[in-house]
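Some notes on the structure that comes next.
The values are calculated or read from the model by the stated rules, or taken from the named source; none is laboratory data. Worth saying up front: this structure is predicted, and the values here are computed from it rather than measured. Here the Cβ is made from the backbone with ideal geometry for all residues, glycine too, and neighbour counts use every protein chain on show. Ligands, DNA and RNA are stripped out before the accessible areas are found, and what is left, the full protein with its side chains, is counted by its heavy atoms. Shrake-Rupley method; radii C 1.70, N 1.55, O 1.52, S 1.80 Å.
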Amino acid sequence: MENAKKTKKLSLAGQIFIAMVLAIIAGLLMQNAADFATNYIKPFGTIFLNLIKFIVCPIVLLSIMNGIISMKDIRKVGAIGWKTVVYYLCTTAFAITFGLIIGNLFKGMFPVVATTDLVYEAAEATSFMDTLVNIFPSNFIAPLVNASMLQIIVMAILIGFAVILVGEKASSVVTATEHLNEVFMKIMELILKLSPIGVFCLLCPVIASNGAAIIGSLAMVLLAAYICYALHAIVIYSLAVRTMGGLSPLKFFKGMLPAMIFAFSSASSVGTLPLNLDCSEKLGADREVASFVLPLGATINMDGTAIYMGVCSIFIASCYGIDLTLTQMITIILTATLASIGTAGVPGAGMVMLAMVLTSVGLPVDGIALVAGVDRLFDMGRTVLNITGDASCAIIVSNLETKREAKKARQAQ
Ligand code: ASP
């Protein structure tokens, strides 16, 4: 049974990979029929994305609630919670610093694209205090309707805590949450079965309308971002899982491969959640820890997105002939960390949040148009890093918790 499941999962990852290769070939062949690809192929990709968006809210709400409830003790949730948040913040700050360093090293090789005629409609930027206030929901239903992920996380934590505090009397709520969680995970699994088609329909129009030429001109920017993604994974995650997670990095990356391939093709951290849970548990993460840490990470921990923001800020500044000062770079580190927290784990979300980073240092938001055409290519890599960071956290926190419990048990003897 277990074996049959494994073959099925691996074959889904394989199918996605094949779909990706086919999409690139078809896209290149259809460069003269880009309108056809956009009008008739892309909508099927949009259907797939809509289905993922439809399932995101209940999955995050229920799995965080479930994770908290299964810990049965608020102090334990606190112990796991602070370790998770500290790890997420530190790795994201490292990521954006890497992005800025490599971006600066590559600056001389970046193409200088003309910036006249650029128009990009950015969403209105909100201040830090407004962002803080907006994390707390003022209505029970609105967060679900508007898919406000941070508000949903606050709801999940509050309800989870209340269920633990009510205790025995809430046992039917515990069972209902567990069962509902299973049902929604199943729906997610069904949607994910469509992912090879989704990946093909999303990627093919991108390649067809951008053409190899544009990708070529931005190749250096893409290369800089991908070098950073790889460096961050190889240096930071390897060190972290080896020293704090007690796991060999090679084993970690090998075990994560199915989730990484899926993230690469789907460009959605939240969409990769079920596969990420599966891979992390197989690598030794506790179920209760993983079901709290991973959905939280899929929403707030975006190391790849932070790197992308750093590299793109440098690129956009260089196209406008602006040299960023040290103070501006430090501002970018702070705002990109916050912006990556606010980025939803769905395709393209990071590009929208890039506006916040550019505005914070006075760079023209229109500059986003320079990278918008190939955003998907940045997005695929950044999502791989985003979910790998979440899984490394689940493994590390599980290992630290196991050690803490063992120490407590020894002291009690
Ligand atoms: N697509 C990314 C993710 O799901 C978010 C982003 O656009 O940066 O993790």
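Laid out as a table, the results:
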| quantity | calculated |
| --- | --- |
| 1.4 Å probe accessible area per residue over region 347-413, in Å² | 34 |
| Inverse of mean 1/r across different Cα pairs in the chain, Kirkwood, Å | 21.9 |
| Over the chain: helical MRE at 222 nm, DSSP H runs n ≥ 4 each giving -39500 (n - 2.57), nearest 500 | -26500 deg cm²/dmol |
| Leading residue at positive end of dipole, the chain (Cβ point charges), from S268, V374, A412 | A412 |
| Within region 127-221: Cβ-based charge dipole about Cα centre, in debye rounded to nearest 20 (Lys, Arg +1; Asp, Glu -1) | 160 |
| Listed peptides 254-264, 62-72 by packing density, highest first (mean Cβ within 10 Å) | 62-72, 254-264 |
| Fully extended contour minus Cα-Cα distance, from A176 to A147, at 0.36 nm per residue | 8.2 nm |
| Efficiency of FRET from Cβ geometry, L257 and T402, R₀ 35 Å, rounded to 0.05 | 0.90 |
| Options C312, P364, I152, ranked by Cα towards positive dipole end of the chain, top entry (Cβ charges) | I152 |
| Residues Q31 and C90, FRET efficiency given R0 of 51 Å [Cβ-Cβ distance, rounded to 0.05] | 0.70 |
| Vicinal HN-Hα couplings computed from phi for region 170-175 (Karplus, 6.51 cos²θ - 1.76 cosθ + 1.60; Hz; Gly/Pro x) | 9, 4, 5, 5, 4, 4 |
| Sorted peptide list for 388-401, 84-97, 324-337, criterion being average Cβ within 10 angstrom, highest first | 388-401, 84-97, 324-337 |
